[in-house]
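Here the structure is laid out as structure tokens; the discussion comes afterwards.
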Amino acid sequence: MTNRLLSKILETLRPDESTRDTVVFEGDSLFHHITIREEGSRRTLYFGPNGEEAETSIDLTRPEKAVFEYPGMMLAALPLNPAARRIAMIGLGGGFLPRLFRRHLPQYELTVVELDHLVVELAQIYFGFSPEGNVRLVVDDGRAFIDRQAEASWDQIWLDAFSGNYVPPQLSGLEFLRLCRSRLTPGGLLVQNLHQSRPEMFQSQLKTTLAAFGEFLALDGRRCGNAVLIARAPGGPAEPVWKKTPLALAAKKFGRRVGPYDLVEEMGKIHKFFPDPEAEIWP
């Protein structure tokens with residue numbers, strides 16, 4: 001990272017009264033209409049023509065403060081196979097989760113895959129993202145990246161990519177989820193961040209995940225519309241026990257907190273979703 005870019009990052013992370021409640025960036029990439037808005041002390045990255053899809057938000061006065069709930073629910077996957085070291089994350093957004101890995105989780109090798117060059121640039125300038133240390137960035141199509149990997153390459157694969165207010169079809173169908181399963185080490189985890197704002201699509205994703213992996217763990221957001229699904233690849237040392245008490249004990253043993261998130265509290269969000277029998281399994 002150049003000194004000039006670092007200075008720009010630090011400058012944009014300081015709250016500025018003159019730019020509050022204003023749009024600080026708006027433009028189009030090949031894939032998204034992107035808006036960055038400052039509302040009070042918060043800076044938020046939005047996708048969509050009307051800014052309807054919030055991707056990342058930070059508090060400029062406390063950049064590590066938990067603004068969105070879903071990152072904590074995704075981090076709850078870490079205690080479920082604590083021997084994991086290699087994680088692939090599809091979708092960058094503003095880079096909030098990779099920043100937590102860089103600062104609080106140096107034992108992991110995180111590879112972030114992002115298709116959109118402009119998203120990468122904006123994450124660096126406006127949200128303090130930097131691919132360094134244990135965080136590697138690959139600018140590529142997420143599906144193509146997973147397809148090129150050898151079998152059993154990753155201990156966990158995290159899917160956090162949205163387009164048009166839902167997961168792109170190429171990152172949500174049965175064929176792709178089975179591909180992810182083949183790229184996971186025995187007992188490895190697939191972690192999906194989903195939104196419940198489109199119930200039919202959410203129900204189909206539940207049913208498709210069940211078809212690809214069998215029983216899965218689900219966390220239901222208490223103050224957002226997100227749900228996180230955690231599914232385990234076959235071949236691990238034991239069958240998963242998706243119950244709150246043993247999972248809370250695993251979170252305590254892991255270390256309980258990651259930055260602003262309490263993993264024991266996140267485990268308390270376990271929820272049993274029952275897929276609609278009429279829901280479609282996506283191919």
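Restricted to helices (runs of 4 or more DSSP H) entirely inside region 199-283, those with at least 1 residues that are surrounded by 14 or more Cβ atoms within 10 Å (Cβ to Cβ), of a type in the set (Ser, Thr, Tyr) and in contact with an Asp or Glu (Cβ under 9 Å, 6 or more places away or on another chain) are 199-213.
Restricting region 125-134 to residues that are over 15 Å from the mean Cα position of the chain (by Cα) and within 26 Å of GLN170 (Cβ to Cβ), the residue that is most open to solvent (accessible area, probe 1.4 Å) is PRO131. Just to be sure before I move on: is PHE145 under 18 Å from ASP160 (Cα atoms), among the hydrophobic types (A, V, I, L, M, F, W, C), part of a helix (DSSP H, G or I) and at pLDDT 95 or above in the structure I sent? So PHE145 fits the description; yes. Residues in region 53-66 that are in contact with a strand residue (DSSP E or B) (Cβ under 9 Å, 6 or more places away or on another chain) and among the polar types (S, T, N, Q) were compared, and the one that is surrounded by the fewest Cβ atoms within 10 Å (Cβ to Cβ) is SER57. Number of residues in region 31-48 that are in a loop (DSSP other than H, G, I, E, B) and not small (Gly, Ala, Ser) equals 2. On the stretch given as region 150-176, residues that are in contact (Cβ under 8 Å) with a residue 60 or more places away in the chain, open to solvent by 30 Å² or more (accessible area, probe 1.4 Å) and assigned to a loop (DSSP other than H, G, I, E, B) total 2. A search for C-beta distances below 8 Å between a residue of region 27-49 that is farther than 15 Å from HIS117 by Cβ and any residue that is open to solvent by 30 Å² or more (accessible area, probe 1.4 Å) and among the basic types (Lys, Arg), counting only pairs 6+ apart in sequence or on different chains, returns GLU38/ARG20; GLU39/ARG20; GLY40/ARG20; SER41/ARG20; ARG43/ARG37; THR44/ARG37; TYR46/ARG37. Listed by first and then second residue, the pairs linking a residue in region 84-113 that is open to solvent by 10 Å² or more (accessible area, probe 1.4 Å) to a residue that is assigned to a loop (DSSP other than H, G, I, E, B) and of a type in the set (Lys, Arg), with Cβ atoms under 9 Å apart and 6 or more places separating them unless they lie on different chains, are GLN107/ARG85; GLU109/ARG85. Residues that are aliphatic (A, V, I, L, M) and open to solvent by 30 Å² or more (accessible area, probe 1.4 Å) within region 67-83 comprise just one, ALA83. Here LEU137 does not fit the description of being of a type in the set (A, V, I, L, M, F, W, C), crowded, with 23+ Cβ neighbours inside 10 Å and over 15 Å from TRP154 (Cα atoms).
Taking PRO49 as the residue in question, decide whether it is at pLDDT below 95, open to solvent by 30 Å² or more (accessible area, probe 1.4 Å) and over 19 Å from the mean Cα position of the chain (by Cα). The answer is yes for PRO49.
The values are calculated or read from the model by the stated rules, or taken from the named source; none is laboratory data. Since the structure is predicted, the reported quantities are computational estimates derived from the model, not experimental observations. All Cβ positions, even for glycine, are placed from backbone atoms using ideal geometry, and neighbour counts span all protein chains on display. All accessible areas refer to the heavy atoms of the entire protein, side chains included, with ligands and DNA or RNA removed. Shrake-Rupley method; radii C 1.70, N 1.55, O 1.52, S 1.80 Å.
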